[in-house]
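J.: Quick one: structure below, then a few questions.
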Amino acid sequence: MPLMYTEAYISQKLDLIIAKLIIPLYPQSSQFTADVLKYMKFLISSGKVKRLELHSSSVINENDGIYEDLLDLIPSLRDLQLNYNPTRKFSPKFVEKICGSNLKEFNINELTEDFNYEEFLNSLKKKPKLDIHLYFLKSVNCKKIHTYIDKLLSAAGLTDIYPPYIQRFHPGIDWNRLNALERLRRKY
C-alpha cells in the first residue's frame, strides 16, 4: 500500500519548500507568486504529478534538502527536470532518494565543467534503468565528455547502468560518438 500523507502534512512541508524558492515575477502582478504557489500545492496534493520541471528556480537556504523533500512528497513523480547549480551540489541523500523513488527519467540542464557526471552516474547504480539526460553549457569542453563516451562504448557488452543521453547540439561534440552512444542506449 502506498504511503499516504495528509493534506495538512503536505501543505506544511510544501510551505517550507516554497519559502526557499525564488519565483520570478513575470508577468508583473501582485498575485502572481501567490497564484503559482496555490497551483503548485494543488497539483502536488492531487497525488497525480508525473513530471516536474524546476527551471530557473533558486534555493535560498542551501543547507536544506529541497529536492529530497520534493521526491518524498511526490511519490507519483516519474520525470524530474532541473537546472544544475554549481554552488549547490547534489547531496548523497538526494542520490539515495532518487534511487528509492519512482523516477523513470531525470534531466539535468546547464551542467558546468565542475559537474562530475561519471561519479554521479556511478552513484545511481542502485537504479540502473533510470533514463538520465545530460545537457551541458556551451562553455564546457567536450574532451572530458568524449572520454566518458569512449569508456562506455569500450565496455565489453552492456554497462551496469542505462547509458545517459548527452545533448546533441553542443559545440564541439563528436556526432560519431553520440550516434554510437545512442545505438548502445537502444540495446537496453
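J.: Within the range 125-139, identify whether any single residue is farther than 25 Å from Asp72 by Cβ and among the hydrophobic types (A, V, I, L, M, F, W, C), and answer yes or no. Before the answer, list the steps.
T.: Our first condition is that a residue be farther than 25 Å from Asp72 by Cβ; within the range 125-139, this holds for 135-139.
Then keep just the ones that are among the hydrophobic types (A, V, I, L, M, F, W, C); that gives 136-137.
Yes, the range 125-139 has at least one match.
J.: Would you call Lys143 out of contact with any Ser or Thr (no Cβ under 9 Å at 6 or more places or on another chain) and outside any loop (DSSP other than H, G, I, E, B)?
T.: For Lys143, the condition - out of contact with any Ser or Thr (no Cβ under 9 Å at 6 or more places or on another chain) and outside any loop (DSSP other than H, G, I, E, B) - is met.
J.: From the list Tyr148, Tyr188, which one is out of contact with any Asp or Glu (no Cβ under 6 Å at 6 or more places or on another chain) and surrounded by 11 or more Cβ atoms within 10 Å (Cβ to Cβ)?
T.: Of Tyr148, Tyr188, the one residue that is out of contact with any Asp or Glu (no Cβ under 6 Å at 6 or more places or on another chain) and surrounded by 11 or more Cβ atoms within 10 Å (Cβ to Cβ) is Tyr188.
J.: Out of the residues in the range 114-126 meeting the condition of being of a type in the set (D, E, K, R) and touching a helix residue (DSSP H, G or I) at 6+ places or on another chain (Cβ under 8 Å), tell me which one is modelled with the lowest pLDDT. Explain how you work it out, then say what you get.
T.: Taking the range 114-126 and keeping what is of a type in the set (D, E, K, R), we get 114, 118-119, 125-126.
This time we only want the ones that are touching a helix residue (DSSP H, G or I) at 6+ places or on another chain (Cβ under 8 Å), so: 118, 126.
On the way: Glu118: 88, Lys126: 92.
Selected residue: Glu118.
J.: Another question, then. Does any residue of the range 83-93 turn out to be surrounded by 14 or more Cβ atoms within 10 Å (Cβ to Cβ), modelled with pLDDT of 90 or more and in contact with a strand residue (DSSP E or B) (Cβ under 8 Å, 6 or more places away or on another chain)?
T.: The answer is no, given that none of the residues of the range 83-93 is surrounded by 14 or more Cβ atoms within 10 Å (Cβ to Cβ), modelled with pLDDT of 90 or more and in contact with a strand residue (DSSP E or B) (Cβ under 8 Å, 6 or more places away or on another chain).
J.: Among Leu184, Leu152, which is in contact with a helix residue (DSSP H, G or I) (Cβ under 8 Å, 6 or more places away or on another chain), within 30 Å of Ser76 (Cα to Cα), assigned to a helix (DSSP H, G or I) and not acidic (Asp, Glu)? Walk me through how you get there before you give the answer.
T.: Numbers: Leu152 fails: within 30 Å of Ser76 (Cα to Cα).
Criteria check complete, one pass: Leu184.
J.: Here is a check on your reading of the model: is Tyr135 at pLDDT below 90, of a type in the set (Phe, Trp, Tyr) and outside any helix (DSSP H, G or I)? Lay out the reasoning, then the answer.
T.: Values: at pLDDT below 90: no; of a type in the set (Phe, Trp, Tyr): yes; outside any helix (DSSP H, G or I): yes.
Judged against the criteria, Tyr135 is not a match.
J.: Filter the range 94-122 down to the residues that are among the charged types (D, E, K, R) and either in contact with a strand residue (DSSP E or B) (Cβ under 8 Å, 6 or more places away or on another chain) or under 22 Å from Leu137 (Cβ atoms) (or both), then identify the one that is surrounded by the most Cβ atoms within 10 Å (Cβ to Cβ).
T.: Here is the first cut: in the range 94-122, the ones among the charged types (D, E, K, R) are 96-97, 104-105, 110, 113-114, 118-119.
From what's left, either in contact with a strand residue (DSSP E or B) (Cβ under 8 Å, 6 or more places away or on another chain) or under 22 Å from Leu137 (Cβ atoms) (or both): 104-105, 110, 113-114, 118-119.
Working: Lys104: 14, Glu105: 14, Glu110: 16, Glu113: 11, Asp114: 9, Glu118: 14, Glu119: 8.
Looking at residues that are among the charged types (D, E, K, R) and either in contact with a strand residue (DSSP E or B) (Cβ under 8 Å, 6 or more places away or on another chain) or under 22 Å from Leu137 (Cβ atoms) (or both), I get Glu110.
The values are calculated or read from the model by the stated rules, or taken from the named source; none is laboratory data. The structure presented is a predicted model; accordingly, all values stated were derived computationally and were not measured. Every residue, glycine among them, receives a Cβ derived from its backbone with ideal geometry; neighbour counts consider all protein chains shown.
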